[in-house]
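Please read the structure below before turning to the comments.
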Amino acid sequence: MDLLHRERVEALAARVRRLPGFPTFPGVEAGGARYDHRGALLTDAALQAAIDFDSVVKPRVARLVAAWPEAVTVDLFRARVSAEVPGEVLQWKHPEKLARALRLADLLAAEKVQTVSELRSWCLLPDSRSTLLTLKGVGEKTADYVAVLAGGQAVAVDRRIRTFVGGGTDQEIRMLLTTVASELDLDLGVLDRVVWAAGKAEPPPDDRPDTVDVTLTVPADKAARLRDLTALWLEGRPNAEWRATDHQLAVALWQQLDDRRRQLFGVLIDHPGRRFPADELVDLDGAAASLENLTSLLGQPGPLSEQRGRAWPWQYDYPAGKQELAVYWFEPDMAEMFGKARALVDAQDPLHRR
């Protein structure tokens, strides 16, 4: 262990010792699962990415448990999904995260993992994490979060964890917390939960890092974007997924697009759910002269969305791997919302040109 890592471990261990309840942390049981209800666990795991837990995920999980109290195993959860639309129970319209919960359920059923206790044991297997990572929409954080929810030995690195621990890659932060847990004789899952809870509040004033003035020379036309992105970063605001109720934000975004980008996104909007390979999109659209040009056209709405606290509204995937071309599409609810935004903007200013 190098000196810098050793210093970070000691500093982090000292902060953990100051947390209320150390070393027993009443109410946080070693090996204790967040839920005994598999439907609740899978729903939490599928919804949580880039979304506030307390205001969005928690009430929806509670709603599902109240509506489907018997869905305590994977097969019982899948049976209820087959009989009833989960989006209606959860009051959730975006289909991708609901599909992610079903993909998780199908995988665990294939692995013969039915109960939460079985999931905790399965997560200890050497290949379990890599198996989860094969699912579309499941990244390293979600794979670790599944284990944490089941009471396993894992750390799911997110914004709150980073707030408490500080800088570093996800792997570095996991290593730091793993070392701290070992040195303080703490269950790693318990440490994840108490650090996550502590990260909800801003660090006390005497723990804040010193501030420094930074001078950067950037092109004049990039300065405003840099200020906006820096403000979002300093505020710790993740980019949330677009919702079907973001009508005004969609109108505001559409108003800022030039004609070529409106033409490009118009193709996606007019074919909701259809996945266009990049080369086909170039041929059909006409706004992009090349694949490189297509990437440029797709790129601008990204920072415009970030200014509104949203990720980009379209979806993309690499069905044949990243060495091949991507495919792009709008989910039907997003296509409908942006179609209405387009119609409204066109009606207000049919001669608009940028």
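The phi-based Karplus calculation (6.51 cos²θ - 1.76 cosθ + 1.60; θ = phi - 60°) puts the 3J(HN,Hα) values of the stretch 152-165 at x, 8, 7, 10, 9, 6, 9, 4, 5, 4, 5, 4, 7, 7 Hz, whole numbers, x for Gly and Pro. Annotation: average projected area of the stretch 58-132 is 5.2 square nanometres, based on the convex hull of Cα atoms across all directions.
Each residue of the stretch 104-116 is assigned a 3J(HN,Hα), and the resulting list reads 4, 4, 5, 4, 5, 5, 5, 7, 6, 10, 10, 9, 5 Hz, derived from the Karplus form 6.51 cos²θ - 1.76 cosθ + 1.60 (θ = phi - 60°), x at Gly and Pro.
Per-peptide packing, taken as the mean over residues of other Cβ atoms within 10 Å, places 13-23, 249-259 in the sequence 249-259, 13-23 from highest down. In this structure, the pairs whose alpha-carbon distance is over 24 Å, taken from 58/141; 93/200; 93/340, are 93/200. With both labels modelled 7 Å from their Cα along Cα-to-Cβ, the residue 259 to residue 340 distance reads 2.8 nm. For the peptides 304-311, 144-151, residues were scored by their other Cβ atoms within 10 Å and the scores averaged per peptide; the highest-first order is 144-151, 304-311.
Modelled this way, with points 7 Å down the Cα-to-C-beta line, the labels at residue 247 and residue 93 are 1.0 nm from one another. For the pair residue 324 and residue 291 in one chain, pulling the backbone fully straight at 0.36 nm per residue adds 10.6 nm over the alpha carbon distance.
5 Å is the cut-off here: which amide hydrogens, built 1.01 Å from N in the peptide plane, fall below it relative to residue 310, excluding neighbours closer than 5 in sequence? Here the answer is 240, since their amide H atoms fall under 5 Å of that of residue 310. Expressed as a whole number of Å, what is the distance separating the alpha-carbon centroids of the stretch 41-105 and the stretch 116-173? Cα centres, the stretch 116-173 to the stretch 41-105: 19 Å.
In this simple spin-label model, placing a label point 7 Å from the Cα along the Cα-to-Cβ direction at both residue 274 and residue 51 gives a separation of 2.9 nm. Does a label point 7 Å from the Cα of residue 79, set along Cα-to-beta-carbon, have any residues of the stretch 1-45 with amide nitrogen under 15 Å, and which are they? Under cut-off, by backbone N: 38-39.
If a/c stays under 1.5 just call it rounded; otherwise compare a/b with b/c (prolate if a/b is bigger, oblate if not). Do that for the stretch 101-161, with a ≥ b ≥ c from the square roots of the Cα gyration tensor eigenvalues. Note, shape of the stretch 101-161 comes out oblate.
Read the figures in this text as sums done on the coordinates, not as results from a lab. Note that the structure is predicted; figures quoted are calculated from it, not measured. No Cβ is skipped: glycine too gets one built from the backbone with ideal geometry, and neighbour counts run over all protein chains shown.
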